[in-house]
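The values are calculated or read from the model by the stated rules, or taken from the named source; none is laboratory data. The shown structure was predicted, so the numbers you read here are calculated from the model rather than taken from an experiment. Note that we place each Cβ from the backbone using ideal geometry, even for glycine, and neighbour counts take in every protein chain shown. The accessibility values were calculated without ligands, DNA or RNA, using every heavy atom of the protein model including side chains. Shrake-Rupley method; radii C 1.70, N 1.55, O 1.52, S 1.80 Å.
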Amino acid sequence: MVEEVKKVALITGGGTGIGRSAALALQNDGFRVIVCGRRVEPLEETVSLGASNKPVIKAIATDVTNGVSVKSLFSEIENSCGRLDILFNNAGMGAPRVELDELAEDAWRHCVDVNLTGSFLCAQAAFKIMKSQSPQGGRIINNGSISAHAPRPNTIAYTATKHAITGMTKTIALDGRAYSIACSQLDIGNADTA
């Protein structure tokens, strides 16, 4: 059964730091919030910090690098909420800060999988829901970085993914116009998180 919900937001990487802060702020603004991430304990802590007099925050364990896991997440959102108004693609990670020639291939691939492929899979699934829902549309917000503009030494994997996020953001914004789907990017600098 679909609940009557006016505003629904999904935050990837919602168990800690920026994701947790965004979840609590959106809940305070009246959104029903879904937080996802790989680790259940931090997600449940985010839920426990939510206000009891506001729409519920729901935690769903999800690996954004896995297409099956992402499809399951968005299917659950569509079935329980009937719509999605905001996707905050926040999940991300760095790679070891080493010289370019010392970065292991698996570290490169893991960073690309989380930061870029995970953001793409979630944006793709959100786009599909936002395109078909009534009223049509929504907003996708990608967590970029100052590194999308000014790289730091020994951060080739992270910097490359954040430059790619900028290209993905611009493309989603262009492709989404016909469906009232807006896409933007937050380029946060250093943040005091765990």
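Measuring nothing but protein heavy atoms, the accessible surface of the chain at 1.4 Å probe radius is 52 percent carbon and sulfur. Report, in whole Å, the centroid distance computed from the Cα atoms of the range 1-75 and the range 162-194. Distance between centres, Cα-based: 19 Å. Between Ala173 and Glu41, the modelled labels are 4.0 nm apart [label points 7 Å from Cα along Cα→Cβ]. Computed over every Cα-Cα pair of the range 33-188 and binned at 5 Å starting from 0, the pair-distance distribution P(r) comes out as 2, 9, 17, 19, 19, 16, 10, 5, 2, 1, 0 percent. Counting 0.36 nm for each residue step from Arg109 to Arg152 and taking away their Cα separation leaves a gain of 13.6 nm.
For Ile181, the amide hydrogen comes within under 5 Å of the amide hydrogens of Gly138, counting only partners 5 or more places away or on other chains and with H modelled in the peptide plane. Note on the chain: lysine pairs with Cα distance below 20 Å, sequence gap of 8 or more or different chains, count 14. Between Lys6 and Lys71, the modelled labels are 3.5 nm apart [label points 7 Å from Cα along Cα→Cβ].
Taking 0.36 nm per residue of separation and subtracting the current Cα-Cα distance, fully stretching the chain between Ser184 and Glu102 would add 26.1 nm.
Using the 1.4 Å probe convention, the accessible area of the range 77-175 works out to 48 Å² per residue with neighbouring protein chains retained.
When each of the peptides 66-79, 112-125 is scored by the mean number of other C-beta atoms lying within 10 Å of its residues, the order from highest to lowest reads 112-125, 66-79.
Along the range 106-117 the Karplus relation, 6.51 cos²θ - 1.76 cosθ + 1.60 evaluated at θ = phi - 60°, assigns HN-Hα couplings of 5, 5, 4, 4, 5, 5, 5, 4, 6, 6, 9, 5 Hz to successive residues, with x for each Gly and Pro. Relative to the Cα centre, the charge distribution of the range 10-56, modelled as +1 at Lys and Arg Cβ and -1 at Asp and Glu Cβ, gives a dipole magnitude of about 100 debye. Along the range 173-190 the Karplus relation, 6.51 cos²θ - 1.76 cosθ + 1.60 evaluated at θ = phi - 60°, assigns HN-Hα couplings of 4, 5, 5, x, 3, 5, 10, 6, 9, 9, 9, 9, 9, 9, 10, 7, x, 5 Hz to successive residues, with x for each Gly and Pro.
Placing +1 on each Lys and Arg Cβ and -1 on each Asp and Glu Cβ, with no other charges, gives the chain a dipole about its Cα centre of roughly 660 debye. Could you work out which residue, out of Gly144, Gly13, Gly30, moves most in a Gaussian network model of the chain, that is, has the largest mean-square fluctuation with Cα springs under 10 Å? Per the Cα network of the chain with a 10 Å cutoff, Gly30 tops the list. Shown in residue order for the range 22-33 are the 3J(HN,Hα) couplings computed by the Karplus curve 6.51 cos²θ - 1.76 cosθ + 1.60 at θ = phi - 60°: 5, 4, 5, 5, 5, 4, 4, 8, x, 7, 7, 10 Hz (x for Gly and Pro).
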